[in-house]
1. Going through P92, P65, P83 one at a time, which residue ends up being at pLDDT 95 or above, open to solvent by less than 10 Å² (accessible area, probe 1.4 Å) and more than 16 Å from ligand 2 (Cβ to nearest atom)?
2. Among the residues of the range 179-196, count how many are touching a Gly at 6+ places or on another chain (Cβ under 6 Å) and more than 10 Å from F235 (Cβ to Cβ).
3. Could we say that V116 is farther than 20 Å from G18 by Cα, of a type in the set (V, I, T), open to solvent by less than 30 Å² (accessible area, probe 1.4 Å) and under 18 Å from the mean Cα position of the chain (by Cα) here?
4. Find all pairs meeting these conditions: Cβ atoms under 6 angstrom apart; at least six residues apart or on different chains; first residue within the range 316-330 and outside any strand (DSSP E or B) and more than 15 Å from ligand 1 (Cβ to nearest atom); second residue modelled with pLDDT under 95 and open to solvent by less than 20 Å² (accessible area, probe 1.4 Å).
5. Give E240, E204, E228 a once-over and let me know the one that is open to solvent by 30 Å² or more (accessible area, probe 1.4 Å) and within 16 Å of ligand 2 (Cβ to nearest atom).
6. Would you be able to tell me the number of residues in the range 203-223 that are outside any strand (DSSP E or B) and over 20 Å from R245 (Cα atoms)?
7. Tally time: how many residues in the range 174-202 are closer than 16 Å to I105 by Cα, over 23 Å from the mean Cα position of the chain (by Cα) and not in a loop (DSSP other than H, G, I, E, B)?
8. Tell me which residues, restricted to the range 12-44, are away from ligand 1 (no atom under 16 Å from the Cβ) and closer than 13 Å to I274 by Cα.
Amino acid sequence: PPQSSLSLNSVPIQSSFGIAFDIDGVILRGQRPIGNSPKALKRLYDDSGILKFPFLFLTNGGGFPESKRASELSNLLGVKISPSQVVQGHSPFRTFLNRFENELIIATGKGDPAEVMLEYGFKRVLSIDEYASYFDHIDPVAHYKGWTSKKASNWPKNSPKSVSSRNVIADKVKAAFVVSDPVDWGRDIQVLCDILTSGGLPGEKYGNQPPLYFAADDLEYQAAFPSERLGMGAFRIALESIFNRIHNKPLQYTCFGKPNPFVYKNAETILREIQKSCHCDAIAKNAEQGSLSFKTLYMIGDNPLVDVKGAHQAGSPWFSVLTRTGVFRQKENHAEFPAHLVVDTVEEAVEFILKREV
Ligand code: G3P
Ligand code: MG
């Protein structure tokens, strides 16, 4: 093992490493584990099931609170995943709490986007489904979809009681968050255009656009279907091209998620916290003293344009590993964003890392 310049009580210790696993196309396809992912992950725990080496999931997916996703992953993969080990596209949205805590904001995407934002502490967040239900005829084809124009009384327990129909219609929407992949593109594009062109009051014309945030910008991703599916980036392109045709100013928005470098920086900080609770050796204690930075951080992904590109933009100590179980399937490395290592499965990736580091 590589000898580190650091030592603890004059006992040389191995330099530390951490791993960030992409989920879709590496660990899972849909709900199905792939690439022997459960076996690969188990190697990062000791016999009593306590984490030995720091790792986390770094996914552009989302739609459920990190706590819920962690228990779902624990059940699917057969290892104990803590919420702090789940970093989703929308995880950084919690940083907007100061600005929008008590403002009316809208969240959209599959799963329960309002619950995600309520868990971060936002007090007046509505899902786009619920928000649209306050405006009759806002979606002229709603009745063909089997949507009923349910009013707030039918909405699940977590809808903020403080929001009444009067507040909603009279109140300006102060921000819109695309938390996960939208379910009904047509309705979401229509209602988001209503909000964004009117300054937050559907029916009005030409107000100042409220901020719009996307949890990711993936054009395509690997789900259960054999070929890639259109991701949030495809939805953003559709919304942006329509918005720019119907409004007098181009759409303004901010995209989060990989390959943004700050996502990898944030992952490094979280891995250092996870390292402190690891049941490994002097490395953890040294990390306690905050004196140890990681020698290598491995990003294991399936999408060169997202996972590999992001790791390379983040720079040292990131090391990119590309698997052939998702978006990328080629024999040779990717031409535009060649990974440091290309393997067939995540099991092979973990094998390589443990051989190299331990
Ligand atoms: O919606 C999921 C998609 O954006 C990609 O997820 O896990 O491959 O980053 P992941
Ligand atoms: Mg992926």
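The values are calculated or read from the model by the stated rules, or taken from the named source; none is laboratory data. In this text, all values refer to a predicted model and were calculated from it rather than measured experimentally. As a convention, Cβ positions derive from the backbone with ideal geometry for all residues, glycine included, and neighbour counts pool all protein chains shown. Each accessible area value is taken on the protein alone, full model and side chains, heavy atoms only, with ligands, DNA and RNA left out. Shrake-Rupley method; radii C 1.70, N 1.55, O 1.52, S 1.80 Å.
1. P65
2. Total meeting the criteria: 2.
3. Details: farther than 20 Å from G18 by Cα: yes; of a type in the set (V, I, T): yes; open to solvent by less than 30 Å² (accessible area, probe 1.4 Å): yes; under 18 Å from the mean Cα position of the chain (by Cα): yes.
Taking the combined requirement at face value, the residue satisfies it.
4. Between residues of the range 316-330 that are outside any strand (DSSP E or B) and more than 15 Å from ligand 1 (Cβ to nearest atom) and residues that are modelled with pLDDT under 95 and open to solvent by less than 20 Å² (accessible area, probe 1.4 Å), the close pairs are P317/F294.
5. Answer to the selection: E228.
6. Residues of the range 203-223 that are outside any strand (DSSP E or B), as a first pass: 203, 205-206, 208-211, 215-219, 222-223.
So of that shortlist, the ones also over 20 Å from R245 (Cα atoms) come out as 215-219, 222-223.
Residues meeting the conditions: 7.
7. Summing the residues that are closer than 16 Å to I105 by Cα, over 23 Å from the mean Cα position of the chain (by Cα) and not in a loop (DSSP other than H, G, I, E, B) in the range 174-202 gives 8.
8. The answer is S16, F17, G18, L44.
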